[in-house]
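A quick write-up on the structure given underneath.
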Amino acid sequence: MDPVRNPYAPGAGQRPPELAGRGRELDVFDIVLERIARGRPERSLMLTGLRGVGKTVLLNTLRSQAINRLWGSGKIEARPEQSLRRPVAAALHMAVRELAPRHRAPDRIDAFLGVLKAFAQRSAPTGRAGAAPKLRDRWQPGIDVPAASGRADSGDIEIDLVELFSDAAAVASDVGTGIAIFIDEMQDLGPEDVSALCAACHELSQLGAPLIVVGAGLPHLPAVLSAAKSYSERLFRYQRIDRLDRIAADQALCAPAEREEVEYEQKALDLLYEKSGGYPYFVQAYGKATWDHAPRSPITAADVRVAAPEAEAELAVGFFGSRFERATPAEREYMRAMATMSAVEGESGAVARDDMDAAVPTAEIARALGRKPASLSPARDALIKKGLIYSGERGTVAFTVPHFGRYLRTQPA
């Protein structure tokens, strides 16, 4: 079939032609926006899930919902070792610029921008009184008003973020709307920034202020938040984003194809679901390869079998291989042990582990490698920092990438 008409889109954060299986999450966010618009209290929202389940796509879609309701919005991607101060200032700058044309008092906007500029330029205390900020901290955020003094500029990120968010929410209230800040890869925020963000959201929720944070991160994000502030378990609304069920996966494949007057045989859909496991990124990858190899409609199971090796080869390089290459030899050894254990039955022999999302005890990994658990801590911690594994429960680890164990078992030692 014509590859130019191929409707599937396997890309990082790229919206698929049919956003199937996410209706509940979209409806929940609509309710959150409407409740805040009516002055009702609401919690900020956290999306969690493995890589490849479409968290970034959903985050972008939720942002579109906010924009359609004339909210101010901004989005950032958290990065390890990067302070929250600059990116959150840029996101709020964007959000307030969206609201400014509807505000009746330009002086109020300028006053907030002065606070925002002070927040952005204020580096954390270095412990040396009167020390000048380092060159990398002398950042100009592109705001043409003088920096304010005495508000959001203490250098304590927790104090400053509470004050900044409160002032931003007040600007939104002036125009009868709200502000939503979207944070991707939120598990990569530093402990101080996570603590500050929780404190700011806590303050806003108590005031009923129209500013919310929508975060997306790996499955251990709730544990990261809880470690920063014990009340975070009640502060946020958590939504786990998982693989698609069979109906939604078929819809993701069939709806775009029908718009191109192409159909699938039932056995082809059966095989595609078996290959993809229902993970949205894999659904798109196998769908794209199958379309390019199918000679005509309807697409058959034979077409899927012919196309599958190409999809798997592309995933092996772009999705799995690029991550595997980031690991050191010691880290690869650790992951190989995880992969081997995820393929065998549990100690009871009753149920085989599923390498797509099963957690493996770290003590068993050490035993399999003939090492003491403490000696493997550096490798484990480095893999967590690189986002290749996560620890959802104490004493266990799991891959952040679905099917990664299966991939590792096909690689030569």
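The values are calculated or read from the model by the stated rules, or taken from the named source; none is laboratory data. Note that the structure is a prediction, hence the values are computed from the model and not measured. Positions of Cβ are generated from backbone atoms using ideal geometry, with glycine treated the same way; all protein chains shown enter the neighbour counts. Just the protein is used for accessible areas: all its heavy atoms, side chains included, with ligands, DNA and RNA removed. Shrake-Rupley method; radii C 1.70, N 1.55, O 1.52, S 1.80 Å.
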Out of (1) surrounded by 20 or more Cβ atoms within 10 Å (Cβ to Cβ); (2) free of Cβ contacts under 8 Å to residues at least 40 places away in the same chain; (3) not β-branched (V, I, T), what's the single condition that is false for Y281? (2)
Among the residues of region 285-314, which ones are open to solvent by 10 Å² or more (accessible area, probe 1.4 Å) and out of contact with any helix residue (DSSP H, G or I) (no Cβ under 6 Å at 6 or more places or on another chain)? K288, P295, R296, S297, P298, A302, R305, P309, E312, A313, E314
Got a number for residues in region 381-401 being under 14 Å from T48 (Cβ atoms) and touching a Phe, Trp or Tyr at 6+ places or on another chain (Cβ under 9 Å)? 3
Given the conditions (1) touching a residue at least 60 places away in the same chain (Cβ under 8 Å); (2) closer than 23 Å to P402 by Cα; (3) not in a strand (DSSP E or B); (4) not aromatic (F, W, Y), every one holds for M46 apart from (3)
Do you know which residues across region 172-220 are surrounded by 18 or more Cβ atoms within 10 Å (Cβ to Cβ), among the small types (G, A, S), in a loop (DSSP other than H, G, I, E, B) and in contact with a Leu (Cβ under 9 Å, 6 or more places away or on another chain)? G178
So, in region 1-15, exactly how many residues are in contact (Cβ under 8 Å) with a residue 24 or more places away in the chain, more than 17 Å from L315 (Cα to Cα) and assigned to a loop (DSSP other than H, G, I, E, B)? 4
Considering D160, D156, D144, D137, which residue is under 19 Å from G190 (Cα atoms), among the acidic types (D, E) and modelled with pLDDT under 90? D137
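Yes/no per residue for (1) surrounded by 15 or more Cβ atoms within 10 Å (Cβ to Cβ); (2) under 23 Å from E260 (Cα atoms):
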| position | (1), (2) |
| --- | --- |
| M1 | yes, yes |
| G11 | no, yes |
| Q14 | no, yes |
| P17 | yes, yes |
| V28 | no, no |
| I31 | no, no |
| P41 | no, no |
| S44 | yes, no |
| L47 | yes, no |
Of (1) part of a helix (DSSP H, G or I); (2) over 28 Å from the mean Cα position of the chain (by Cα); (3) in contact (Cβ under 8 Å) with a residue 24 or more places away in the chain, S297 fails just (1)
Quick one: G23 ticks every box in (1) in contact with a Cys (Cβ under 6 Å, 6 or more places away or on another chain); (2) free of Cβ contacts under 8 Å to residues at least 12 places away in the same chain bar one, so which box is it? (1)
All positions within region 307-328 that are assigned to a helix (DSSP H, G or I) and over 16 Å from S276 (Cβ atoms): V317, G321, S322, R323, F324
Matching residues, region 265-278, being touching a residue at least 24 places away in the same chain (Cβ under 8 Å) and either open to solvent by 30 Å² or more (accessible area, probe 1.4 Å) or part of a helix (DSSP H, G or I) (or both): E265, K267, A268, D270, L271, L272, Y273, K275, S276
Quick check on my filter: what residues within region 152-161 are open to solvent by less than 30 Å² (accessible area, probe 1.4 Å) and touching a residue at least 40 places away in the same chain (Cβ under 8 Å)? I157, D160, L161
Can you pull out the residues in region 221-255 that are farther than 26 Å from G39 by Cβ, open to solvent by less than 20 Å² (accessible area, probe 1.4 Å) and not in a helix (DSSP H, G or I)? I241, L244
Test S226 against the criterion of being out of contact with any Lys or Arg (no Cβ under 9 Å at 6 or more places or on another chain), modelled with pLDDT under 95, closer than 26 Å to G72 by Cα and among the polar types (S, T, N, Q), and give yes or no. no
